[in-house]
Structure formats: C-alpha cells, structure tokens
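These notes are about the structure you will find just below.
The values are calculated or read from the model by the stated rules, or taken from the named source; none is laboratory data. What you see is a predicted model, and the numbers here were worked out from it, not measured in a lab. Using ideal geometry, Cβ is built from the backbone for each residue, glycine included, and neighbour counts are taken over all protein chains shown. For the accessible areas, the whole protein counts, side chains as well, though only heavy atoms, and no ligand, DNA or RNA atoms are used. Shrake-Rupley method; radii C 1.70, N 1.55, O 1.52, S 1.80 Å.
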Amino acid sequence: MTAAAEMPPLSLFVPLYALGMPDRRSPPVAAPEKKPRDLQLADNRKALFDYSIEDRFEAGIALTGTEIKSMRAGHVNLRDGYAHIEKGQAWLRNVHIAPWTHAAHDNHEPLRPRKLLLHKNEIGQLAGAVSQKGYTLVPLRMYPKGGRAKVEIGLARGKKRYEKRQVIKEREAAREMQAATRRRI
C-alpha cells in the first residue's frame, strides 16, 4: 500500500461548524438591541463658557407644526436665548427657530416667546433661585425625546472675565500635555 491509500479520503461534505462557519440550519443570531439615538438638534456651547451651570432641568416646549419641522431639520439657534418666569409660567425667549421653507402661508415668527412645559413645583423652585442675585436660566440644548421636543434649561451664574481666562489656560495646558505624550509614544 502506498501513503495515499492509507489516508482516509477527504470528504466534500465537512460540517460547517467544524470549519468555524455558521450553519445555515442554526437559528439566526439575534441582533444587538439598538440604543435610542441621542439626537441633539441644537447646542449652546457659548453658555457653558459664559456661565457656570449649577443645576439642569428638562422642560417640554410648546411649538407649532412648522417650528417642529424646522427644528428637526436643525435650524435652531440657542445662543442668545434665555428663560423667564412670569405669572407662574416659564417662557423661552430670544431663541431663533428659522421659518420652515416649504410652508405655504402659515409660517411662524422666528423669535416668538415659547412656553416651557414644567411642573408647578419646578417653576417655583426656578423662580426662587432666579430671584437670587446673579442667577439666570439659559437653554443648554434642544433634543427630541419620545416624539416630543425637549429643552435642557440650566440654572446658571455668570462667570467673571478672569474665570474665563483660567478655563482657557487649563484647556491649553491639557492640549499641550496630550501633544507631549503623543510625541513620546
């Protein structure tokens, strides 16, 4: 007998699991659960630089149909916005939501005051905090949640000029340290 005759014949039907490949007959592997996207429609980064945020609140916002469409398209500017409490209601002022371009005739005014939807106890808490000297309410970001528009409101105290300079110095120092560690590696 020769060496070829002693070896068992190679089978063309090797099971796929033996090769480490998935078998067609095996049940399909379940896809990992998708996390809800943390969509952020607008962000107020300047507020984080100009103010020190001490507390954050999530508030609903009353919008019209064209405002919702424009907001979902990302045409929102929170930079100069602020919240104000009057007569037991919270209002968002000076937030620019661009007019919807595809609206026929019934478009919204871009800078109109918009009502914030908060619980009474939250409004009372915010009113008490804002009555103290130096505090204000600023919108930090706008995002959808469960099909509704939400605004994150920050209870903020204004920073002094020297505090802003200190933040810039710390940021630059951190960048230099990261660059130095990258050069060494």
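Annotations
- For the range 41-85, a tally of residues being assigned to a loop (DSSP other than H, G, I, E, B), at pLDDT below 85 and hydrophobic (A, V, I, L, M, F, W, C) returns 3.
- Filtered residue count, the range 42-83, keeping only those that are open to solvent by 40 Å² or more (accessible area, probe 1.4 Å) and closer than 11 Å to Ile153 by Cβ: 5
- Residue list for the range 60-109, restricted to those being in contact (Cβ under 8 Å) with a residue 40 or more places away in the chain and acidic (Asp, Glu): Glu67, Asp106
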